[in-house]
Amino acid sequence: MRFLWLDTETTGLEVTDSAAFELAFILVDSGKVMGERCFFLNPLSETIKYHEEAGKIHGYSEGDIKAFTPESEQVPRIANFLTEARELFKDDGSKSEKMAIAGYNVEFDIKHLKALLERNGYKFEDYFSNIVADVFIQVKKAGMQKALPYLPDRKLGTVAEHLGVNLKNAHDALADIRATREVAAKLYKRGVALL
């Protein structure tokens, strides 16, 4: 099965007035990492705003984001990457395989990736199957199965620290998604399935 691990950093929470400005991907095919990519873009417009509360979390200013490549130029590159990821050759000689998507509380990231693609004339469904692997749900299962003790919260940083996963650059999309994959692997070794 082909998984695309995804994390985003956004200008705010809601897709109606905020958007992803950093997207990190790790492509995994049959358990093997095929590559990592990180894209920065400027989605700010009359409708897409910078929200100070979000900036306090990820540390990027409005000026930082405005300096990135405009969304209209960067999204075709993202779509090209998604096309290449979907069309990697498989062992049986076949080519195309829609990807499962994975991440931490990944519905948030999916919502922002979908909106980004749709604003620029692409369809999320062209690249992804309906399989979603959410490590946040795996963490909740781990708590119910007593594979994790009671933790003060279920944030990625808290869980990663408990499991001994390095997450020095929290809220850097690539660092977050690497840590997410490692958390998922450690929980799997404790008998908690991701799917």
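The values are calculated or read from the model by the stated rules, or taken from the named source; none is laboratory data. In this text, all values refer to a predicted model and were calculated from it rather than measured experimentally. Neighbour counts run over all protein chains shown; Cβ positions are idealised from the backbone, glycine included. Note: accessible area is taken over every heavy atom of the protein model, side chains too, but ligands, DNA and RNA are not part of it. Shrake-Rupley method; radii C 1.70, N 1.55, O 1.52, S 1.80 Å.
Where both bridge residues fall in the chain, DSSP classifies roughly 70% of the beta bridges as antiparallel. Surface composition of the chain: carbon plus sulfur atoms contribute 50% of the solvent-accessible area (1.4 Å probe, protein chains only, all chains present).
The Cα trace of segment 52-150 gives Rg and Dmax of 17.4, 50 Å, the first to one decimal, the second as a whole number. When both segment 63-81 and segment 116-195 are represented by their alpha-carbon centers, they are found 25 Å apart. For segment 123-195, the percent of C-alpha pairs falling in each 10 Å distance bin, counted from 0 to the bin holding the largest distance, reads 20, 49, 25, 7, 0. By the scheme Lys and Arg +1, Asp and Glu -1, what is the net charge of all other residues having a beta-carbon under 14 Å from that of Glu52? With Lys, Arg at +1 and Asp, Glu at -1, the net is -2.
Taking only protein heavy atoms into account and a 1.4 Å probe, give the accessible area per residue of the chain in Å².
Value returned for the chain: 52 Å² of accessible area per residue.
Here the chain yields Rg over Rh of 0.97, to two decimals, using C-alpha coordinates and the Kirkwood radius.
For His162 and Thr69, FRET efficiency with R0 = 22 Å and r from the beta-carbon atoms, rounded to 0.05? Approximately 0.05, to the nearest 0.05.
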